[in-house]
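Asks: The following block contains the structure, expressed as structure tokens.
The values are calculated or read from the model by the stated rules, or taken from the named source; none is laboratory data. Everything numeric here is computed off the predicted structure, so don't read it as measured data. FYI the Cβ positions are ideal-geometry reconstructions off the backbone, even for glycines, and counts take in every protein chain you see. Calculation scope for accessible area: heavy atoms of the full protein, side chains included, ligands and nucleic acids excluded. Shrake-Rupley method; radii C 1.70, N 1.55, O 1.52, S 1.80 Å.
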Amino acid sequence: MLHVLKNEKKFTLLFFVILTIDILVKLKCPEFPYRFISKPPIVLSLFIYYYLNNTEIDKEKKKFVFWGLLSFLIGTILIINDTNMFYFGASLLFFSLAKLFLSLKFSHKSDFEVSKLIPFSIIIFIYTVWMVCFLYDSLGGFFIPALLSFFLSLLLFQFAFIRSSLVDKCSYVYVLVGVILYLFSESMMVIKIFKTDLPLQDPLIMIFYSVAMYLITIGLVKEKKIKRMDFYS
């Protein structure tokens, strides 16, 4: 098994087999106890893969990734019972912590072109206003926690976006696409719970979320610094 977890192609095959099994369990089996067996291996496998293959020199940055993936794992387990508002609220907390840890991993002190952030900021502003207006009446007591979680998602997106001049293109694209897919899955989940059902919502949320975690993790393992920099500790 170790040789599978240390080989990207073999691990990719294993990961998508695990994801396929979880999707089938979600669609065909009762949530308890089957989803609690089929779903955690998705993030757990990524945790192990990163542990075995990462080349991160900065120990603090490495810890941020470990804590981020661990928080995602806990949030993933809690969100299985998404109709229970207590478990949903707890999952929101752990997903927020995960996004905070990954934002700390992506943060840096190197200069970047402010002009590149202008179109990015416009898109983010429009997206934020639309989501807030669309969900405002439905969130109720979850408005502030959901808004905070959404803010951390945008912060994560911003830090992933400005990595372009600091890391190789392959790692940059993997991570950025992963963060975008995560935003899709998160938005669909919130709309599903608080507003309305969406076509093929369950498999699409699972696919977007799982592929997002896969791309982010693989991107971090592939990461190569292209110039010397100082990181926030």
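Asks: Would you mind working out the accessible area per residue for the chain, using a 1.4 Å probe, and quoting it in Å²?
Replies: Value returned for the chain: 52 Å² of accessible area per residue.
Asks: Follow-up. Of LYS63/LYS224; LYS26/LYS105; LYS61/LYS192; LYS26/LYS62, which ones are farther than 26 Å apart at the Cα?
Replies: Over 26 Å apart, Cα to Cα: LYS26/LYS105; LYS61/LYS192; LYS26/LYS62.
Asks: Take peptides 12-18, 96-102, 152-158 and line them up by average Cβ neighbours within 10 Å, highest first, as a rough protection proxy.
Replies: The peptides rank, most packed first, as 96-102, 152-158, 12-18.
Asks: Could you give the size of the charge dipole of the chain about its Cα centre, using +1 on the Cβ of each K and R and -1 on the Cβ of each D and E, expressed in debye and rounded to the nearest 20?
Replies: I would put it at about 740 debye.
Asks: A follow-up question, please. Given an 8 Å cut-off on Cα distances and at least 6 residues of separation, report the relative contact order of the chain as a percent.
Replies: Over the chain, the number comes to 22 percent.
Asks: Could you tell me which of rounded, prolate or oblate describes the chain, using a ≥ b ≥ c as the square roots of the eigenvalues of the alpha-carbon gyration tensor, with rounded for a/c under 1.5 and, failing that, prolate when a/b is larger than b/c and oblate otherwise?
Replies: In terms of gyration-tensor shape, oblate.
Asks: Checking the a/c ratio against 1.5 first, then a/b against b/c, what shape does the Cα gyration tensor give for region 1-129?
Replies: Oblate, because a/c is 1.5 or more while a/b does not exceed b/c.
Asks: Rounding to the nearest 20 debye, state how big the charge dipole of region 52-189 is about its Cα centre with +1 on each Lys and Arg Cβ and -1 on each Asp and Glu Cβ.
Replies: 360
Asks: OK, next. Would you please classify the overall shape of region 109-214 from the alpha carbon gyration tensor, given that a ≥ b ≥ c denote the square roots of the eigenvalues, rounded means a/c under 1.5, and beyond that prolate means a/b larger than b/c while oblate covers the rest?
Replies: It comes out oblate by the Cα gyration axes.
Asks: With the dipole of region 1-131 worked out from charges on the C-beta (+1 for Lys and Arg, -1 for Asp and Glu) around the Cα centre, which of MET1, PHE94, TYR49 lies farthest toward the positive end?
Replies: MET1
Asks: Could you tell me the relative contact order of region 131-214? Use alpha-carbon pairs under 8 Å, at least six residues apart, and round to a whole percent.
Replies: 31
Asks: Rank ILE77, TYR172, PHE157 by how far each Cα sits towards the positive end of the charge dipole of the chain (+1 on Lys, Arg Cβ; -1 on Asp, Glu Cβ) and give me just the farthest.
Replies: So the residue furthest toward the plus end is TYR172.
Asks: What percent does the relative contact order of region 34-167 come to when contacts are Cα pairs within less than 8 Å and at least six residues apart?
Replies: 25
Asks: With helices defined as uninterrupted DSSP H runs, which ones in the chain have an alpha carbon span along their own long axis of at least 24 Å and mean Kyte-Doolittle hydropathy of at least 0.5?
Replies: Those that pass (Cα extent of 24 Å or more, hydropathy at least 0.5) are 8-28, 59-78, 85-106, 117-139, 143-161, 169-194, 201-222.
Asks: Only four residue types carry charge here, +1 at the Cβ of Lys and Arg and -1 at the Cβ of Asp and Glu. Report the dipole size of region 1-133 about the Cα centre in Debye, rounded to the nearest 20.
Replies: The calculated dipole for region 1-133 is roughly 280 debye.
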